[in-house]
Amino acid sequence: MFFKSFFDEKLAQMSYMVGCQKTGEALVIDPARDIQPYLETADKEGFEISAVTETHIHADFLSGARELANASNGKLYLSDEGHNDWKYVYAKDYDHQWLKGGDKFYVGKVRLDVLHTPGHTPESLSFLLTDEGGGSSVPMGIFTGDFVFVGDIGRPDLLEKAAGAEGTSEQGAKEMYQSLQRFKELPDYVQLWPGHGAGSACGKALGAVPSSTVGYEKINNWALKADNEKAFIDELLDGQPEPPNYFADMKKLNKEGPALLREAPKVKQVGIQELQEKISSGAAVIDTRSKEEFAEGHIEGTLSIPINKGFANWAGWLINYDKEIAVISEPDKVEEIQQALQSIGLDNLTSYTDAQEVEQLDNLETYQSISPEEFDREYRGKDNYVIVDVRTQEEWDEEHIEEAVHVMIGTLPDRLDEIPEGKTPIVHCQSGVRSAIAASILQANGYKGVLNLKGGFGAWKKYNEAS
């Protein structure tokens, strides 16, 4: 048997390829939208991708299942569990098989037993793998998707918070508890292959280790140690982070079928004048340079989202799906940027402007970062300033500056009316990364003279404790 995992660090998302070396067939589980790694691996190892499957209808990234089935002619194996409102619509256009708990299917001589494991979503499946071609009669591991992670479990509130399915959070939590009781019946030696690692918004405290075992999770995973259903439900629902805005779009697109990438517009290079025309016409223009470079000088109306691990997440939070997108970037990073945007369905990237052209301009807009000492000495408590805390609700509840206004960064574009008019915003997050993005949002919406608290709340707290 052949086994390979793939990790997208911008989405903290895991996908897998399993191949039968005796028959040359391969299965891809939970593929990302960029399917080239799977095609290249199959070609290198001499496999034909004959099957494509998903553990559930994803909310945090745009699935590559349709893209891969279209490219490989592989058969789709998709969940037929759950509510009728959450069934795969596009499957009818491809060779497919519906799956329910208790079913099984083969890829060559590798057997996949289907477990219905609702909780994260009603249609969620897990796949128990047995390598019959290698002579085994017992399972090697289980692909859990967003059901069980290393150290945590999937959140049950996304269907309600992101897709508007009212009242489903508690029901999902109850189903999760029952699913976990069945999961605990698996042998301890069974390996655990989850759908996400640390950094995903699909759980509260995902581990950074990419795999585990059922036995290890029984001992160490808080959710598998819980033996009281009500206490479990309360713990699971408490403190779940805000789901990004784009999760609702992902659920809908993954259900109906993502557009094929061949339909995406070609990205062309444009100069400063055309870029500024795009800003004037309402396009979303993302400056992907570092936050330091942006602060030193940027074009008015542009949004700062550096091309790093958090890029796709913040683009999904802040960019409307119906808007044309342009980016400021080094030319050799444009393909990476486009793939990151496409991974969450932002397919309207039409152009880029070379970052060097921007850096050669005069009269660029800037913003200033102030130290915690400067903040306390010169700005805090002054009537003409307002402190804007852009951290999460959990961070705010734990501790915050008393007179601050709390507007979580992802919701900032829709809540500008909560920032008093005529006052200069001083923005901060925990460490200074998110507040740099927030400063660009405020400037793009007409708040000039924005100040950024250097080092964020963490640096300010440390300074005050030492004073």
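Where a number appears in this text, it was derived from the coordinates with a stated rule and is not lab data. No experiment lies behind these values; they were computed from the predicted model shown. For neighbour counting, all protein chains shown are included, and Cβ atoms are generated from backbone atoms with ideal geometry for every residue, glycine included.
Three principal axis extents, largest first, for the C-alpha atoms of the stretch 368-466, in Å?
36, 28, 21
Mind checking Rg over Rh on the stretch 1-91, alpha carbons, Kirkwood formula for Rh?
Rg/Rh: 0.97.
Can you list the lysines whose alpha carbon is less than 24 Å from that of Lys22, not counting same-chain residues fewer than 8 positions off?
Leaving aside lysines fewer than 8 places away in the same chain, those within reach of Lys22 are Lys4, Lys44, Lys75, Lys104, Lys109.
When the chain is fully extended, how far beyond the present Cα-Cα distance does Glu335 get from Lys184, taking 0.36 nm per residue of separation?
Answer, rounded to one decimal: 50.0 nm.
What does the convex hull of the alpha-carbon atoms of the chain project to on average, in nm²?
Here the figure is 23.6 nm², rounded to one decimal.
Which links in Lys10/Lys266; Lys291/Lys454; Lys10/Lys333; Lys309/Lys333 stretch past 20 Å when you go from one Cα to the other?
Too far apart for the 20 Å limit: Lys10/Lys266.
In whole Å, largest first, what are the principal axis extents of the Cα atoms in the stretch 24-140?
Here the spans come out as 39, 33, 24 Å, largest first.
Asp113 to Tyr321: FRET efficiency via 1/(1 + (r/R0)^6), r the Cβ-Cβ distance, R0 51 Å, to the nearest 0.05?
0.85
Please arrange Asp389, Asp322 by counting, for each residue, the other beta carbons lying within 10 Å of its beta carbon, fewest first.
Asp322, Asp389
State the extension gain, in nm to one decimal, for the chain segment bounded by Lys423 and Lys230, taking 0.36 nm per residue of separation less the distance between their alpha-carbons.
This chain segment gains 64.8 nm when fully extended.
Using the Karplus curve 6.51 cos²θ - 1.76 cosθ + 1.60 with θ = phi - 60°, work out ³J(HN,Hα) for each residue of the stretch 284-295 in order, rounded to whole Hz, and write x for Gly and Pro.
8, 10, 9, 8, 8, 5, 5, 5, 5, 5, 5, 4
Using the beta-carbon distance between Glu403 and Val209 and R0 = 45 Å, what value does 1/(1 + (r/R0)^6) give for FRET efficiency, to the nearest 0.05?
0.60
Return, ordered by residue number, the residues of the stretch 290-323 whose backbone nitrogen is under 16 Å from a label point located 7 Å along Cα→Cβ of Phe7.
309-310
What fraction of the DSSP beta bridges in the chain is antiparallel, stated in percent and rounded to the nearest 5?
DSSP beta bridges in the chain are roughly 45 percent antiparallel.
Could you give me the percent of Cα pairs per 10 Å distance bin for the stretch 2-256, shortest bin first, beginning at zero and ending with the bin that holds the maximum distance?
In whole percents, the pair-distance histogram is 7, 34, 39, 18, 3, 0.
Per residue, how big is the convex hull of the stretch 265-359 when only Cα atoms are used? Give it in Å³.
About 88 Å³ per residue, rounded to a whole number.
Can you give the net charge of the other residues whose Cβ lies under 13 Å from the Cβ of Tyr367, counting K and R as +1 and D and E as -1? All intermediate terms of the calculation are to be shown ahead of the outcome.
Working: positive: Lys291, Lys448, Lys454; negative: Asp287, Glu292, Glu293, Glu296, Glu300, Glu365.
Here the count lands on -3.
Sort Ile387, Ile328 by Cβ crowding within 10 Å, fewest neighbours at the top. Don't skip to the end; give the middle numbers.
Values: Ile387 22, Ile328 26.
Starting with the residue having the fewest Cβ neighbours, the order is Ile387, Ile328.
How large is ³J(HN,Hα), in whole Hz, for each residue of the stretch 172-188 in order, when computed from phi with the Karplus curve 6.51 cos²θ - 1.76 cosθ + 1.60 and θ = phi - 60°, using x for Gly and Pro?
Rounded to whole hertz, the list is x, 5, 5, 5, 4, 4, 5, 4, 5, 4, 6, 4, 5, 7, 5, x, 4.
Defining a contact as two alpha carbons under 8 Å apart and six or more residues distant in sequence, what relative contact order in percent does the chain show?
12 percent
Run through the DSSP bridge list for the stretch 2-256 and note the antiparallel percent, rounded to the nearest 5.
65 percent
Read phi for every residue in the stretch 18-28 and hand back ³J(HN,Hα) as whole Hz from Karplus 6.51 cos²θ - 1.76 cosθ + 1.60, θ = phi - 60°, with x for Gly and Pro.
My calculation for the stretch 18-28 gives 10, x, 9, 6, 7, 10, x, 9, 9, 10, 10 Hz in order.
So what is the calculated 222 nm ellipticity per residue for the chain, using -39500 (n - 2.57) for each DSSP H run with n of 4 or more, over all residues, to the nearest 500 deg cm²/dmol? Working shown, then result.
On the way: 16 runs with 135 residues, N = 467.
Value at 222 nm, helices only, nearest 500: -8000 deg cm²/dmol.
When the dipole is taken about the Cα centre of the chain, and only Lys, Arg (+1) and Asp, Glu (-1) are charged at their Cβ, what size is it in debye, to the nearest 20?
Using Cβ point charges on Lys, Arg, Asp and Glu, the chain gives about 1060 debye.
Applying a 10 Å radius around every beta-carbon, put 154-160, 189-195, 168-174, 280-286 in order of their mean neighbour count, most first.
154-160, 189-195, 168-174, 280-286
Would you calculate the separation in nanometres between label points at His83 and Glu274, each defined as 7 Å from the Cα along the Cα-to-beta-carbon direction?
Simple spin-label model gives 4.6 nm for this pair.
Can you tell me which lysines have their Cα less than 20 Å from the Cα of Lys225? Leave out same-chain residues fewer than eight positions away.
Cα-Cα hits under 20 Å: Lys174, Lys184, Lys204.
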